[in-house]
1. How about segment 127-145: which of its residues are in contact (Cβ under 8 Å) with a residue 40 or more places away in the chain and either touching a strand residue (DSSP E or B) at 6+ places or on another chain (Cβ under 6 Å) or closer than 21 Å to residue 54 by Cβ (or both)?
2. What is the number of the single condition among (1) farther than 14 Å from residue 135 by Cα; (2) modelled with pLDDT of 90 or more that residue 59 does not meet?
3. From the list 126, 146, pick out the single residue that is farther than 23 Å from residue 114 by Cβ and at pLDDT below 90.
4. Considering only residues of segment 25-40 that are more than 28 Å from residue 166 (Cα to Cα) and assigned to a helix (DSSP H, G or I), which is modelled with the lowest pLDDT?
5. When the residues of segment 52-97 are narrowed to those that are assigned to a loop (DSSP other than H, G, I, E, B) and more than 15 Å from the chain's Cα centre (by Cα), which ends up surrounded by the fewest Cβ atoms within 10 Å (Cβ to Cβ)?
6. Please determine whether any residue of segment 99-107 is assigned to a helix (DSSP H, G or I), at pLDDT 85 or above, touching a helix residue (DSSP H, G or I) at 6+ places or on another chain (Cβ under 8 Å) and surrounded by 12 or more Cβ atoms within 10 Å (Cβ to Cβ).
7. Only one of 43, 114, 85 is within 25 Å of residue 167 (Cβ to Cβ) and modelled with pLDDT of 85 or more. Can you tell me which?
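The values are calculated or read from the model by the stated rules, or taken from the named source; none is laboratory data. Remember, predicted model here, so these are calculated numbers, not experimental data. Glycine gets a Cβ as well: all are built from the backbone with ideal geometry, and neighbour counts include every protein chain shown.
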């Protein structure tokens, strides 16, 4: 689903507090306010990704525990590996500095570039939706298929991480 960028921008404009609206009217401050909004948007996107990855990690852990309760341990190493990958990626998302370096840049960002970043983030979240769907399939899979589902989730996580890494390139191209 394609986001309605005009509505999204309108909501951002409406949510500005009074001080920011005054700052926009002062000469030279508009760029600072827009940079701060870009930084906040970046933090929000990364926070959303982290929250959803924590949910995915919980689902994988729950599925592993379910199998352990049934004394099925043949996929334990695959589950552990996937959980460790998710945890490492969560830390990466939490501590990456893409947005902070972008917000300190003195270069103006055009509307087209802002739209490009929003659209990229929207597509990134759509890929995260697919990853969550695969994770939900894990609990419903048969004992024999659990290893294949874990491998699929691991592959989708790798693809998601590659797209997240490409996000930095998109930001740098815009700046």
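1. 128, 131, 132, 135, 136, 138, 139
2. (1)
3. The conditions single out 146.
4. 30
5. Across segment 52-97, the extreme among qualifying residues is 71.
6. No: segment 99-107 contains no residue that is assigned to a helix (DSSP H, G or I), at pLDDT 85 or above, touching a helix residue (DSSP H, G or I) at 6+ places or on another chain (Cβ under 8 Å) and surrounded by 12 or more Cβ atoms within 10 Å (Cβ to Cβ).
7. 85
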